[in-house]
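Undergrad: Okay, handing you the structure first.
Each reported figure results from applying straightforward, stated rules to the coordinates on display, with no laboratory input. Predicted model only: the values in this text are computed from it and were never measured. Neighbour counts are summed over all protein chains in view; Cβ atoms, including those assigned to glycine, are modelled from backbone coordinates with ideal geometry.
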Ligand SMILES: [Fe+2]
């Protein structure tokens, strides 16, 4: 049985973020042994050395054009499992279509086990109040190799919100797949500060847009990599969803109509 513990954190307000309190949730024994085993093997299979692609698709004179950049990852970087706002169709959705569209898109493109675990996440707080209002926007394979840190930051995706960051309802859940002997602790800047030392098959959920946070240096005595998977979910009410440009009441000139 999963044990859920709400955790109140007094955060230090920073920059334009005027928030002093946040509630996180710690889940212990989060996944079943079968789910845990397959998520770990998914992590291992996704975490391969090599290259990845950044793609941009744009439309001009009725035709689709694509540009692509190749990047070398070696073993140092996080990998995306999915990234919905990277898709052009994201920006055509409305409050009425985004839920079905995101489910269909994820159902077609991600591993069924990942899809099932996302469904499970939505049965836990803070998502279980309104499970149909939470959109998983991104999934990441977390890779923290020996002597690496995750520098302090706040989670932000500036193009998709309809309000300032401190009013946005978004939560990240990190599911921990192993532990390291020293360092590799997740921290939130607060008074008192919050520090969590990962335990395998635990998960921590919080609103990463409201406080500085990061991960301390992995100093595992056997130089093991710290392994985790993170999903970020945003509430539909916090998303800017203008719909397809063809349906706008006010139309700007399209590229095709601009002469010279
Ligand atoms: Fe973060």
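Undergrad: So for the pair residue 19, residue 64, with labels modelled 7 Å out along Cα→Cβ, what separation do we get in nm?
TA: Roughly 3.6 nm, to one decimal.
Undergrad: A further question on this structure: Please tell me the relative contact order of segment 179-228 in percent, rounded to the nearest whole number, where contacts are Cα pairs under 8 Å and at least six residues apart. Each step should come with its number before you reach the end.
TA: Working: 70 pairs, mean separation 26.2, N = 50.
Normalised by residue count, the contact order of segment 179-228 is 52 percent.
Undergrad: Specify the residue with the greatest mean-square fluctuation among 148, 34, 63, computed from a Gaussian network of the chain linking alpha-carbon atoms under 10 Å apart.
TA: So, out of 148, 34, 63, the one fluctuating most is 63.
Undergrad: While we're on this one: What relative contact order, as a whole-number percentage, does the chain give when Cα pairs under 8 Å and 6 or more residues apart are counted?
TA: 26
Undergrad: Here is a further query. Roughly how many Å is it from the Cα centre of segment 180-231 to that of segment 118-150, as a whole number?
TA: When both Cα centres are located, 14 Å separates them.
Undergrad: Need one number for segment 146-244: average projected area of the convex hull over its C-alpha atoms, nm².
TA: Details: hull surface 29.3 nm².
So the mean shadow area of the Cα hull is 7.3 nm².
Undergrad: Give, to the nearest whole percent, the P(r) tail of segment 78-158 beyond 16 angstrom, counting all Cα pairs. Intermediate values should be presented prior to the final figure.
TA: Numbers: 1960 of 3240 pairs.
Considering segment 78-158, 60 percent of its Cα-Cα pairs are separated by more than 16 Å.
Undergrad: Compute the length gained on full extension between residue 28 and residue 221: take 0.36 nm times their separation in residues and subtract their Cα-Cα distance, giving the result in nm to one decimal. List each step's numbers first, then the result.
TA: Working: separation 193, 0.36 × 193 = 69.48 nm, distance 2.48 nm.
Additional length available on full extension: 67.0 nm.
Undergrad: So how much slack lies between residue 111 and residue 8, counting 0.36 nm per residue of separation and subtracting their Cα-Cα distance, in nm?
TA: Numbers: separation 103, 0.36 × 103 = 37.08 nm, distance 3.38 nm.
Contour length minus Cα-Cα distance gives 33.7 nm.
Undergrad: A further question follows. Determine the calculated [θ] at 222 nm for the chain from helices alone, applying -39500 (n - 2.57) to every DSSP H run no shorter than 4 residues and normalising by the residue count; nearest 500 deg cm²/dmol. Walk me through the numbers before you get to the answer.
TA: Numbers: 3 runs with 36 residues, N = 260.
Rounded to the nearest 500, the figure is -4500 deg cm²/dmol.
Undergrad: In Å and on Cα atoms, what radius of gyration and Dmax does the chain show?
TA: Cα-based Rg and Dmax for the chain come out at 19.7, 65 Å.
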